[in-house]
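To keep things clear, I will list the structure first and then write my remarks on it.
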Amino acid sequence: MSNARHAILDRLRQAQAQPLPVNDPDYPIWNQSGQAEMLARLTELLEQNHAEVRHLPRAELVATLKTHVEQAGLQRVATGTGGDFFGEISQALAGTAEQLLFDRPLEAWKDELFNRVDAGITGCHGAIAATGSLVLWPGPAEPRTLSLVPPRHIAILKASTLHPNLPAMMAAQGWHQGMPTNLLLVSGPSKTADIQQTLAYGAHGPKELLVLILEDA
């Protein structure tokens, strides 16, 4: 199966196919590339979707996390075992809340994760200004369950990883050389319109989303 997959992908790469031009797309791609414009749009769209957004220098990350955990009354916080912000997350939680490392199979602590965890903290691979979406690239150090199960999700984003749209992000980061096997786009707390076609927030998964944007990182 693996050999067949590689053979198919190799043929696609050798074809050097290009997308057909679209003269009048139904959904124009937002292309503003100025940092200030992108940050403003990302913040506006996230807040429209009921997320809380804070802008801060990285030097204030530990203090901001610690204050938020204390004020929100978070007692048990799930985190990964690595990532760009692991040291700062661990420092903020020390003496503030119990840090639960995702260092074992999900089945070994599924009940605890689903029923006795107050929040999950993750970093972000980047963000898309056009849609106001955070991009999470889960892996062993930060499994995707951290952002999907706990009632509160705290996401940390470097402003330098913000892109105007998804195609621009894929090109800038060279995704053609290694596509993610799992990608999450997060635009706010969980929501659903299944009940009488009325949009409701917090129906499943995280009911609250806090986004910390590090503007000097």
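We did not get these values from a lab; they are worked out from the coordinates using the rules stated. It should be emphasised that the depicted structure is a prediction, and the values quoted were computed from it without experimental measurement. Because the Cβ atoms are built from the backbone with ideal geometry, glycine has one as well, and the counts that use them run over all protein chains shown.
For the chain, with a Gaussian network of springs between Cα atoms less than 10 Å apart, report the residue from GLN71, GLN48, GLN35 with the top mean-square fluctuation. Among GLN71, GLN48, GLN35, the largest mean-square fluctuation in the Gaussian network model of the chain belongs to GLN71.
Summary of the geometry: the stretch 87-107 and the stretch 142-192, compared by the centres of their Cα atoms, lie 21 Å apart. GNM, the chain, Cα, under 10 Å: largest mean-square fluctuation among ARG116, ARG13, ARG152? Of ARG116, ARG13, ARG152, the Gaussian network model singles out ARG13 as fluctuating most. In a reduced charge model with +1 at each Lys and Arg Cβ and -1 at each Asp and Glu Cβ, the stretch 25-132 shows a dipole moment near 140 debye about its Cα centre. In a simple Cβ point-charge model (Lys, Arg +1; Asp, Glu -1; nothing else charged), the chain has a dipole of about 460 debye relative to its Cα centre. Under 18 Å of direct C-alpha separation, and excluding same-chain neighbours fewer than eight residues apart, LYS66 reaches these aspartates and glutamates: GLU52, ASP84, GLU88, GLU98, ASP118, GLU208. When +1 charges are put on Lys and Arg Cβ atoms and -1 charges on Asp and Glu Cβ atoms, the dipole computed for the stretch 83-145 relative to its Cα centre reaches about 160 debye.
Entry note, the chain: relative contact order of 26 percent, from Cα contacts under 8 Å with a spacing of 6+ residues.
The residues packed around LEU210, meaning those with a beta-carbon under 12 Å from its beta-carbon, carry a net charge of 0 if Lys and Arg are +1 and Asp and Glu are -1. Looking at the chain as a GNM with Cα springs under 10 Å, which of LEU106, LEU56, LEU166 has the largest mean-square fluctuation? Checking each option, the largest mean-square fluctuation is seen for LEU106.
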